[in-house]
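The next block holds one structure in the form of C-alpha cells; read it before the comments.
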Amino acid sequence: MGTKIDIKSMNLSELEEYITSLGQPNYRAKQIFRWMHQGAVSFEEMSNLPEPLRRRLAEDCKITVPQVEKKQISILDGTIKYLWRLEDGNCVETVLLRYRYGNTVCVSSQVGCQMGCAFCASTLGGLMRNLTPSEILNQVLFTSLNSGLPISNIVLMGIGEPLDNLEAVLRFLELINQKDGMNIGMRHISLSTCGLTEKIDKLASYQLQLTLSVSLHAPDDETRSRLMPVNRRYGVEAVLGACHRYFEKTGRRVSYEYAMIDGVNDSEAQADLLANRLKKAPGHVNLILLNDVRERTLRPSRKADAFRRRLEEHGVTVTIRRRLGSDIDASCGQLRRQTLGL
Ligand code: SAH
C-alpha cells in the first residue's frame, strides 16, 4: 500500500510499456486510458478488460479520485467553486467560470504556495506539496462530471505556482490534450506565473500554443518587490526579457495580469512606465480589481478606469477583468483557508 502506481499520471507510451510488461497487448493501454479519462474510479468498471487484468491492475495501481469537501454556487453569475479533498487529506480549490463563449475551469497546481505575494491568500500557510499530474487533471474532469457541464477552457490560475511544479504541469498538459482523453486544445489553455524566468524559457522551448499570463502587478522593482518577494530574484526587466523571448519562440503574445491596488500601483506615472516597458515585450494587459483578502491590508484601487485609459493612450491593449463569484469567495485560496480554519 501507499506505493501504488499513480496510473492516471502516465501518458500513453508509459501506459503501453507497463501494459505490455504484464504480457498484455498494446491496445489495452488505450482502453484503460479512455476509461480513466472518462472518470472511471475503479478497474472493476472497465468492462472490456479481462477479469485477471483488472485484478492485477487493482493490486499494482491506484486511480486517484478527489472527494467534494465543499461546493458553492454563486447566485449572481453561476460560478461554481469546489474544495476537493485529496487522498492524503490535503485540500485544493477549483473554480468553474461560466462565460458566453464557454465554461472555463481554474485549476490549482500545488497545495499552498511558497511565493509569498503580499495580496494572496494561497501563500499564507506556505507550500504543503506539489500536485501530481492526475490530481491537476482530476480537477477538470470531476468538475465537469459533478456539474454536468462541458469544459472548453482551462486556466492554471488557482492555488500554487505552476512553474514551480513544471514537470507535473507539463504532463498534465500532455494528458488533457489527448484525443482519447479530455481533448482540450492548447489554445484553450492559459498558464499564469509570478515570473520564474528560467522556467518561462524552459516552457517556451516546448513551443506549446498555450497562453502565458504573467502576474506583473507593478512596472517598477520597488513596488513589485514589495508586493511579490520573487521580484528580488527576478526583477521586472528580467521577467519582461523572458516574456519577449517567449513571444519570439512561440509567436504567442503574453498576457500581463495587473491587480489594481489602492495607492500602491495605480498612479499615472506607473501607467506611463508600464506602457513604456511593454514596448519591448508586447502583450495584452489584464487589469484585475484586487479581491479583498481578510488577512491582508491592501485594498482595491478606485482608479482602474483612469489607469486603463492612460495605457490605451499609449497604444497598449487593455481589458478590465470582470469579477465573477464574488459572493462565494471564489478567488485566490480563500475557500481552502476558511474551510480548513487555517
Ligand atoms: N502563481 C501564479 C498563479 C496563481 S495566482 C501567478 O502568480 O500568476 C492567479 C492570479 O491571481 C495571479 O495573477 C495573482 O497575482 C492573482 N491574485 C492573487 N491574489 C489576488 C487578490 N487578492 N486579488 C486579485 N488578484 C489576486
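Only the coordinates and a few stated rules stand behind these numbers; no lab work does. Bear in mind the structure is a predicted one, so any value in this text is a computation, not a measurement. Glycine gets a Cβ as well: all are built from the backbone with ideal geometry, and neighbour counts include every protein chain shown.
A compact table of results
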quantity	calculated
Additional length obtainable on full extension of the chain from M128 to D272, 0.36 nm per residue less Cα span	47.9 nm
Three principal axis lengths of segment 5-62 [C-alpha, angstrom, descending]	22, 22, 19
Lys pairs, segment 67-340 - Cα-Cα below 16 angstrom, 8 or more residues apart or on other chains	5
Relative contact order %, the chain, counting alpha carbon pairs below 8 Å whose residues are six or more apart	15
Using a Förster distance of 35 Å, the FRET efficiency for R322-K70 (Cβ separation, nearest 0.05)	0.90
Computed FRET value (nearest 0.05) for E167 with E237, which takes r as the C-beta separation and R₀ as 30 Å	0.60
Residues listed by number, segment 129-170, amide nitrogen under 12 Å from E87 label point at 7 Å toward C-beta	132-135
Cβ-derived FRET efficiency at R0 22 Å, N11 paired with Q209, nearest 0.05	0.75
Global form of segment 178-321, assessed from the alpha-carbon gyration tensor, a/c cut-off 1.5	prolate
Two-decimal log10 I(q)/I(0) for segment 100-183, as the Debye equation yields it once each C-alpha is a single scatterer, q = 0.16, 0.22, 0.26 Å⁻¹	-0.62, -1.03, -1.24
Inter-probe distance in nm under a simple model that places probes 7 Å from Cα toward Cβ, at Y99 and A58	4.3
q = 0.06, 0.07, 0.14 Å⁻¹, the chain: log10 I(q)/I(0) [Debye, one scatterer per Cα]	-0.23, -0.31, -1.13
